[in-house]
Amino acid sequence: MALTEDQVRQAQQIVEAIRSEIRKAVIGQDVVVDHTLVALLSAGHVLLEGVPGLGKTLLVKALARTFDGSFARIQFTPDLMPADVVGHTLFDANGGRFVTRQGPVFTHLLLADEINRAPAKTQSALLEVMQEGQVTLEGTPMPVPKPFMVLATQNPIEQEGTYPLPEAQLDRFLLKIRIDYPSDLEERALTRHVTEGRVGAELSVDGLTVLIEPDSVLALQQTNAQVEVDQRVLEYAVAIVRATREHPGIAIGAGPRGSIALVRAGRAQALINGRGFVTPDDVKAIALPALRHRVRAAPESEIEGVTGDALLTAVLDKIPAPRS
């Protein structure tokens with residue numbers, strides 16, 4: 001069933017209110033904020049990448065502050081164990097029985113901070129819960145609350161003490177969002193905001209207002225799922241993904257999850273822009289964050305210094321978008 005104008009307008013207003021509230025704490029980074037909201041509407045997970053100090057953790061905390069659901073944070077470190085993430089079962093000597101202690105993943109919003117500071121063994125603890133919304137402890141599947149969203153931050157893999165995320169883990173993220181340095185104007189505003197009449201150097205989210213409840217997020221996600229996708233737009237998304245497998249500069253192209261991600265995220269991009277239907281421009285606008293973690297540059301491209309984003313941009317330029 002097609003969405004009515006009132007449904008689209010109401011969803012857009014809610015998203016705009018959340019965006020405005022987040023911007024009270026996060027100075028600049030408008031595209032990053034919008035892409036994070038795209039993932040929220042699409043019921044997807046987000047990987048935020050950037051050097052330390054650019055506000056990755058602050059963004060997640062600001063989003064959690066506007067949301068009247070549960071929030072948990074895990075600081076990933078080299079000695080973190082899988083049981084520290086999902087939980088474990090232990091024997092209670094006093095009660096004479098085994099007791100299950102749920103880990104921090106049993107929440108609505110999970111901040112996996114510096115996820116690539118932990119080895120693959122610990123990173124893989126999130127595989128099941130990110131894909132299936134449940135954790136299996138001692139053979140018993142235990143669902144996590146809905147909505148459930150993982151927002152993971154990572155430092156660039158070139159930095160010391162980082163472990164690359166396995167492809168299977170990367171593929172679980174709907175979007176990989178890169179946070180770059182702020183503009184000159186944004187950095188001046190940020191510096192004044194932090195230093196004017198404040199003790200310390202941290203931005204606070206205490207002044208943000210709770211705007212939305214878990215059931216409302218589920219309703220928004222259901223609305224997003226009803227955004228219309230024309231067959232030609234769907235074929236355009238699939239064509240982009242298939243072209244990544246044939247581009248000479250790309251060693252490994254995106255799989256079918258890439259096509260699915262483009263359509264899901266394209267719907268949210270349209271809804272944020274106040275439309276109940278997806279255009280090719282919506283798909284193109286979200287293509288880089290939806291695909292950059294699903295492709296691997298060929299060795300010759302890496303030697304020449306050609307980035308994955310540049311390769312994906314070249315692919316997008318070659319695929320004609322439907323316009324009629």
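The residues of segment 145-174 include none that are surrounded by fewer than 21 Cβ atoms within 10 Å (Cβ to Cβ), touching a strand residue (DSSP E or B) at 6+ places or on another chain (Cβ under 7 Å) and modelled with pLDDT of 90 or more. Taking every residue in segment 146-157 that is in contact (Cβ under 8 Å) with a residue 60 or more places away in the chain and pairing it with any residue that is of a type in the set (Asp, Glu), at least 6 positions away or on another chain, the pairs with Cβ-Cβ distances below 7 Å are Thr153/Asp113; Thr153/Glu114; Gln154/Glu49; Gln154/Glu114; Asn155/Glu114; Pro156/Glu49. Taking the criterion of being surrounded by 18 or more Cβ atoms within 10 Å (Cβ to Cβ) and without any contact (Cβ under 8 Å) to a residue 60 or more places away in the chain, the residues of segment 101-112 that qualify are Gly103, Val105, Phe106, Thr107, Leu109, Leu110, Leu111, Ala112.
Taking the criterion of being at pLDDT 90 or above, open to solvent by 50 Å² or more (accessible area, probe 1.4 Å) and among the hydrophobic types (A, V, I, L, M, F, W, C), the only residue of segment 80-100 that qualifies is Met81. Would you check if there is a residue in segment 302-309 being assigned to a helix (DSSP H, G or I) and either at pLDDT 95 or above or of a type in the set (Gly, Ala, Ser) (or both)? Among the residues of segment 302-309, at least one is assigned to a helix (DSSP H, G or I) and either at pLDDT 95 or above or of a type in the set (Gly, Ala, Ser) (or both), which makes the answer yes.
Scanning segment 259-279 for residues that are in a helix (DSSP H, G or I), more than 19 Å from Glu49 (Cα to Cα) and either among the small types (Gly, Ala, Ser) or out of contact with any Gly (no Cβ under 9 Å at 6 or more places or on another chain) (or both) yields Ser259, Ile260, Leu262, Val263, Gly266, Arg267, Ala268, Gln269, Ala270, Leu271, Ile272.
Would a scan of segment 241-254 turn up a residue that is within 30 Å of Phe71 (Cβ to Cβ), surrounded by 16 or more Cβ atoms within 10 Å (Cβ to Cβ), modelled with pLDDT of 95 or more and not basic (Lys, Arg)? Looking through segment 241-254, none of the residues is within 30 Å of Phe71 (Cβ to Cβ), surrounded by 16 or more Cβ atoms within 10 Å (Cβ to Cβ), modelled with pLDDT of 95 or more and not basic (Lys, Arg). Among the conditions (1) open to solvent by less than 90 Å² (accessible area, probe 1.4 Å); (2) assigned to a helix (DSSP H, G or I); (3) in contact (Cβ under 8 Å) with a residue 24 or more places away in the chain; (4) not basic (Lys, Arg), Ile177 misses just one, which is (2). Can we say Thr66 is crowded, with 16+ Cβ neighbours inside 10 Å, among the β-branched types (Val, Ile, Thr) and either in contact with a Phe, Trp or Tyr (Cβ under 7 Å, 6 or more places away or on another chain) or without any contact (Cβ under 8 Å) to a residue 40 or more places away in the chain (or both)? Answer is no for this residue.
Looking at segment 121-135, which of the residues that are open to solvent by 50 Å² or more (accessible area, probe 1.4 Å) and either of a type in the set (D, E, K, R) or modelled with pLDDT under 90 (or both) is farthest from the chain's Cα centre (by Cα)? Here the answer is Lys121. Residues in segment 198-240 that are outside any helix (DSSP H, G or I), free of Cβ contacts under 8 Å to residues at least 60 places away in the same chain and surrounded by 17 or more Cβ atoms within 10 Å (Cβ to Cβ): Val229 only. Taking segment 100-118 as the range and being more than 17 Å from Pro164 (Cβ to Cβ) and not in a strand (DSSP E or B) as the test, the residues that pass are Gly103, Pro104, Val105, Phe106, Thr107, His108.
The values are calculated or read from the model by the stated rules, or taken from the named source; none is laboratory data. Since this is a predicted model, take the numbers as computed values, not measurements. Methodologically, a virtual Cβ is constructed for each residue, glycine included, from the backbone with ideal geometry; neighbour enumeration extends over all protein chains shown. Surface accessibility is based on the protein's heavy atoms, side chains included, excluding ligands, DNA and RNA. Shrake-Rupley method; radii C 1.70, N 1.55, O 1.52, S 1.80 Å.
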